[in-house]
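In what follows, a structure is listed as structure tokens, so that the remarks can point back to it.
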Amino acid sequence: MWVTYLKKLLVNDIFYNLQEKYGELFEIYLGSDRKIWLGNASLVEKIHNPSTKTKFPIRTISEGLDEMGVTTKGIAFNNDLVVWKFNRRIISSTIMVPSFLRQFVNESEKVFQEFENYWINLTKENNNYVLNFPDWSTRFFADAISLASIGKPAHMMATQYNRLVPKYLRNLNSKSGLYQFEEFLDRLRLWLKSVHFFYFVPRFVRHYIPPMNFLYKKYIRNMTWINNYLIVYAEIDNIFKGDKTRPVTYDDIEKLVYVEAAAKESSRLMPIVPSVFKRAINDVMIGGLNWKTGQEFFVHQHYIHHNKSHWPNPEEFIPERFLGDNNKIEKNSFIPFGGGIRQCPGRHLGMTGIKTFIALLFRKYEVSLEDPKAPLKKVYTLVNECHELKLYIRPRKD
Ligand code: HEM
């Protein structure tokens, strides 16, 4: 069973099923190393303490991640708290400020126009052209973030377009940058896969036992649903009053409360990051039990987001949960961006990006699934990634 799960990269499902079977707090041993999984909002209160005096300032100590070289650099896995603080300040003071978010909305519109041009070309020869949405949405965000942050396009949509059309239709304006960022995206995907590999698989197995040592060599070489269309359309139309071409502003985006509720409900049902690990740097009491310094905990967002004690009818898509009084949502029961001092610094940008793309798309186009009954095709690496979602995008008739 484990092998089947692992083969299909359904690691997320293994832990969800274990949490169902063994309860909201269970332990699992990886060799002699005990990990504690937490599946209730009340159990993560101390881990999500936003104070700098938190007992959970780091994620893990792992010789595997040391070997990857990520524990003293960057942000996400950095255990050097002085360097982490410095890096995090830089990213927070750039991407979390409203001026950057305004700039991001402006640039997104330019990038969306580029997307429309490609899409129009692709439908010229086939009116019923089916677009694989994840191939374009990931590249749309990468291009928009690149333009807004460094002022240069990443040409990722151009690369995808060039891949799909005959030579004479290709985008030739941006030759030099093409493929470079595409390779970056492929490497990022491999990097995400390899974090679990280096975290879970002991050094000896990584290096010497087939087929793990082959995976090791591969990794070491290389180092993202909205359903209630009608209300979404109505809210977008209410803001743009049928104007399909005027510039979209950050103020428009801020008014999209239903779209935001729908995006939140989607990320409740399917959090991009289903679990996050955190390590105690002092003794701590959680769930009525005393845990020693060094104990690692998995905050299980996916399970907490589906826990009936926080969410009535947890499997249903009900955006209205997020409308009106925010206090009705239990603390720590909705945590797609994690929590505590290492909460995601890209949360405002992520939400602004989703709302901007939906506004730009839905004010002009009708979107429908090629096969509404087809199961969602996703893979789990360190994140849940949808790799196939086939859509028809047609100009709105009204
Ligand atoms: C919808 C999109 C996104 C989701 C769902 C998401 C989710 C998360 C989660 C769950 C964490 C772990 C938080 C914790 O440890 O408690 C995280 C960390 C992080 N995220 Fe995001 N994220 C998103 C977008 C972004 C973007 C756009 C950026 C930057 C441009 C970003 C940068 C980071 C960084 C740097 C960390 C590590 C923070 C630290 O360790 O101090 N994220 N994200």
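The values are calculated or read from the model by the stated rules, or taken from the named source; none is laboratory data. What you see is a predicted model; the values in this text were computed from it and never measured. Heads up, the Cβs are rebuilt from the backbone with ideal geometry, glycines too, and the neighbour counts pull from every protein chain shown. For accessibility, only protein heavy atoms count, side chains too; no ligands or nucleic acids. Shrake-Rupley method; radii C 1.70, N 1.55, O 1.52, S 1.80 Å.
Tell me, which residue of segment 217-252 that is assigned to a helix (DSSP H, G or I) and at pLDDT below 65 is surrounded by the fewest Cβ atoms within 10 Å (Cβ to Cβ)? I'd like the intermediate steps shown before the answer.
Just the residues of segment 217-252 that are assigned to a helix (DSSP H, G or I), to begin with: 217-222, 229-240, 250-252.
Filter once more, so that each one left must be at pLDDT below 65: 217-222, 229-230.
Details: Lys217: 12, Lys218: 13, Tyr219: 18, Ile220: 15, Arg221: 9, Asn222: 15, Tyr229: 13, Leu230: 7.
The extreme case among them is Leu230.
Across segment 122-139, what is the number of residues that are buried (at least 20 other Cβ atoms within 10 Å of the Cβ) and among the acidic types (Asp, Glu)?
Looking only at that region, the number is 0.
Hey, can you tell me all the residues within segment 313-338 that are open to solvent by 80 Å² or more (accessible area, probe 1.4 Å), polar (S, T, N, Q) and assigned to a loop (DSSP other than H, G, I, E, B)?
Residue satisfying the conditions is Asn313 alone.
Which residues, taken from segment 362-388, are at pLDDT 85 or above and surrounded by 20 or more Cβ atoms within 10 Å (Cβ to Cβ)?
Within segment 362-388, Phe362, Arg363 qualify.
Would you check which residues across segment 107-121 are touching a Phe, Trp or Tyr at 6+ places or on another chain (Cβ under 7 Å) and surrounded by fewer than 17 Cβ atoms within 10 Å (Cβ to Cβ) and list them?
none
So how many residues does segment 339-351 have that are open to solvent by less than 20 Å² (accessible area, probe 1.4 Å) and either more than 16 Å from the ligand (Cβ to nearest atom) or in contact with a Lys or Arg (Cβ under 9 Å, 6 or more places away or on another chain) (or both)?
The qualifying residues number 2.
Among what's in segment 74-91 and is within 7 Å of the ligand (Cβ to nearest atom) and of a type in the set (Val, Ile, Thr), pick the residue that is surrounded by the most Cβ atoms within 10 Å (Cβ to Cβ).
Ile75
Tell me, please, whether a residue that is within 16 Å of the ligand (Cβ to nearest atom) and either at pLDDT 85 or above or open to solvent by less than 30 Å² (accessible area, probe 1.4 Å) (or both) can be found in segment 155-162. Steps first, please.
Initial filter on segment 155-162 (within 16 Å of the ligand (Cβ to nearest atom)): 156.
Then keep just the ones that are either at pLDDT 85 or above or open to solvent by less than 30 Å² (accessible area, probe 1.4 Å) (or both); that gives 156.
Scanning segment 155-162 turns up at least one residue that is within 16 Å of the ligand (Cβ to nearest atom) and either at pLDDT 85 or above or open to solvent by less than 30 Å² (accessible area, probe 1.4 Å) (or both).
List pairs: first in segment 64-82 and closer than 15 Å to Pro345 by Cβ, second among the small types (Gly, Ala, Ser), Cβ under 9 Å, 6+ apart or cross-chain?
Short answer, once both residue conditions are applied: Phe77/Ser62.
Looking at (1) surrounded by 17 or more Cβ atoms within 10 Å (Cβ to Cβ); (2) among the small types (Gly, Ala, Ser); (3) more than 12 Å from the ligand (Cβ to nearest atom), find the lone condition where Ala142 falls short.
(3)
Please tell me if Phe198 is open to solvent by less than 20 Å² (accessible area, probe 1.4 Å) and at pLDDT 75 or above.
Numbers: open to solvent by less than 20 Å² (accessible area, probe 1.4 Å): yes; at pLDDT 75 or above: yes.
Spelling it out, Phe198 is indeed open to solvent by less than 20 Å² (accessible area, probe 1.4 Å) and at pLDDT 75 or above.
Picking from His310, His306, which residue would you name as being closer than 21 Å to Arg268 by Cβ and touching a Pro at 6+ places or on another chain (Cβ under 8 Å)?
Going through His310, His306 in turn, just one is closer than 21 Å to Arg268 by Cβ and touching a Pro at 6+ places or on another chain (Cβ under 8 Å): His306.
Six or more apart or on different chains, Cβ under 8 Å: which pairs go from a residue in segment 356-369 that's part of a strand (DSSP E or B) and among the charged types (D, E, K, R) to one that's at pLDDT below 90 and open to solvent by less than 20 Å² (accessible area, probe 1.4 Å)? Could you list them?
Glu366/Ile393
Anything in segment 263-312 that is aliphatic (A, V, I, L, M), part of a strand (DSSP E or B) and open to solvent by less than 20 Å² (accessible area, probe 1.4 Å)? List them, or say none. Quick ask: steps written out before the conclusion?
Just the residues of segment 263-312 that are aliphatic (A, V, I, L, M), to begin with: 263, 269-270, 272-273, 276, 280-281, 284-286, 289, 299, 304.
Still in the list and also part of a strand (DSSP E or B): 276, 284-286, 289, 299.
Within segment 263-312, Val284, Ile286, Val299 meet the criteria.
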